[in-house]
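Right, one structure below, let's go through it.
Only the coordinates and a few stated rules stand behind these numbers; no lab work does. Keep in mind that this is a model prediction, so the values were computed, not measured. Don't worry about glycine lacking a Cβ; one is built from the backbone with ideal geometry, like all the others, and counts go over all protein chains shown.
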Amino acid sequence: MPHQTAHLPLVAPPKVGLSVPRLQRICDAMEKQIAANRMAGGLGLIARKGKIAYFESWGMADKESGKAMWKDAIFRIYSMTKAITGVAAMMLYEEGLFALSDPVSNFLPEFGKMRVAVERADPATGKMVLIGTVPADSPITMLDLFRHTSGFNYTGPHDENGDWTYRKLGIEAVGGPIPLDEMVKRLSQAPLVHQPGTVWDYGLSTDVLGRVVEVLSGQPLDIFFAERIFKPLQMTDTAFYVPEAKWDRLTTLYMPNPDGTVQRVPGGPQDSFRNPPVILNGGGGLTSTALDYAQFLQMLLNGGVLNDERLLSPITVDLMRSDHLGDLPIIGGLLAAGHGFGLTFAVSRGPGRTGLLPPAGQYRWGGYAGTSFWIDPKEEMIGVFMIQILGDLTKRLQFQQLAYQAIVD
């Protein structure tokens, strides 16, 4: 059974303005998803005014073996790692070690003379191919790494044959056979996809930011995270891998079928994160629990402090949750309409502009296997949603929608 944290006490939902019958709609909806074989199981956590008012598990951690979903289940949180890397970097920002306008090449010289790919469609095949490169108009800045405007994405440009550049260099989105310093050096050898500072394109920017954390702190990323973030926040189950003693708590990975039902992911991916990785991915390499991640979110909602452990100043947290994107164009569909982007977070500009629920100022992100979180300063609320379905981006929105309708004060 899960341990109870000292930082976030459990309270009855009405004590913090949440309706019990309305919260029940979350369980009802998730049980319907499970009954329809659209998910195996999951967890939902909602805290308001510093107290956990909703913490429920549904279904199975492994439905094939009948293993129930316990509240201390460990999940591969993938891109929810990015927020932790962002906080780590801003802790060093507060020590005066960089400015957001600084060129990344000040700390990683290999990025000093970047070039940008020029592509066109091959008349014979229709495939995009590289026809040349041009010099970068401006350096990649630290701000570019935080807000995904560096010119990196997750594939790189095409090469002369129409193949993805990063794949040829042995660069993977998560994991891989090379350490972080080598991955960054290889990344610097590829041309950028866009001119720095001109386009939001999601990708390896946060992994490069993690390498900057290592260079500036003099510590490997796992050690910095453990000493400076996880220990102060008592995040005892968050790490770059799950030790063998906790393997029984690691949830099983699923993937969607074309009809929306799920099937167990076959083979090797089930063993991912069971052993120390070669590369410490600041963009997607962590595992965690709902309670651990709630500690991290509550620290941010509190303005950088939890239980007398201050990681950041309130001014820095405000800087992180501010929109730094403005009117720059957005590539891909991950950043919903009406959202800007802060320092590793999507930032809602309000429901009137999004057509979606989040009120203005809410900031959030998620992970590749369907996990997600949000922080809402106005409602003094955080939410954590944990499932393990690769590529599932829909159930997190349903959870958020049902959480907000339960507010009745």
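How big is the equivalent ellipsoid of the range 196-347 along its three axes, where each semi-axis is √(5λ) from the Cα gyration tensor, reported in whole Å from largest to smallest?
Each semi-axis is √(5λ); the values are 27, 24, 16 Å.
Please list the non-local residues whose amide H lies under 5 Å from the amide H of Ala239, H modeled 1.01 Å from N, same-chain partners needing a gap of 5 or more.
So Ala239 has HN proximity to Thr287.
Name the long-range amide H neighbours of Ala346: under 5 Å, sequence gap of 5 or more, or other chain; modelled H, no Pro or chain starts.
Correct list: Arg364.
Taking the Cα atoms only, what angle lies between the long axis of helix 395-404 and the longest principal axis of the chain, rounded to 10 degrees?
Rounded to the nearest ten degrees, it is 50.
Quick one: 3J(HN,Hα) in Hz for the range 318-323, Karplus 6.51/-1.76/1.60 with θ = phi - 60°, rounded, Gly and Pro as x.
Rounded to whole hertz, the list is 4, 5, 5, 8, 8, 6.
Convert each backbone phi in the range 118-125 into a coupling constant with the Karplus relation 6.51 cos²θ - 1.76 cosθ + 1.60 (shift: θ = phi - 60°), then list the ³J(HN,Hα) values in order as whole Hz, x for Gly and Pro.
10, 10, 8, 6, 5, x, 7, 10
Taking the beta-carbon count within 10 Å as an exposure proxy, list Leu300, Leu8 from fewest neighbours to most.
Fewest-to-most Cβ neighbours within 10 Å comes out as Leu8, Leu300.
Calculate one ³J(HN,Hα) per residue across the range 204-209 by plugging θ = phi - 60° into the Karplus curve 6.51 cos²θ - 1.76 cosθ + 1.60, and present them in order as whole Hz with x for glycine and proline.
7, 3, 6, 5, 5, 4
Can you list residues from other chains, or at least 5 along the same chain, whose modelled amide H is less than 5 Å from the amide H of Leu192?
Excluding prolines and chain starts, which carry no amide H, the hits are Arg115, Val116, Ala117.
Relative to 2.2 N^0.38 Å, what does the C-alpha radius of gyration of the chain come to as a ratio? Two decimals please.
Against the empirical 2.2 N^0.38 Å value, I get 0.97 for the chain.
Within 10 Å of each residue's Cβ, count the other Cβ atoms and sort Phe399, Phe152, Phe75 from fewest upward.
Fewest-to-most ranking of Phe399, Phe152, Phe75: Phe399, Phe152, Phe75.
If you average 1/r over all unlike Cα pairs in the range 98-217 and invert the result, what Kirkwood radius do you get in angstrom?
14.5
Does anything in the range 199-238 have its amide N under 14 Å from the 7 Å Cα→Cβ label point of Asp137, and if so which residues?
Only 199-200 pass the distance filter.
Among the listed pairs Lys168/Lys395; Lys32/Lys67; Lys32/Lys71, which are separated by more than 26 Å between their Cα atoms?
Beyond 26 Å between Cα atoms: Lys168/Lys395.
Among Ser322, Ser57, which comes first, then next, by fewest other beta-carbon atoms within 10 Å?
Ser322, Ser57
Please report the net charge: other residues with Cβ closer than 9 Å to the Cβ of Leu233, K and R +1, D and E -1.
Neighbourhood net charge equals -1.
Would you calculate a helix-derived [θ] at 222 nm for the chain, using -39,500 (n - 2.57) for each DSSP H run of n ≥ 4 and dividing by the full residue count, to the nearest 500?
Counting only the DSSP helices, I get -7000 deg cm²/dmol.
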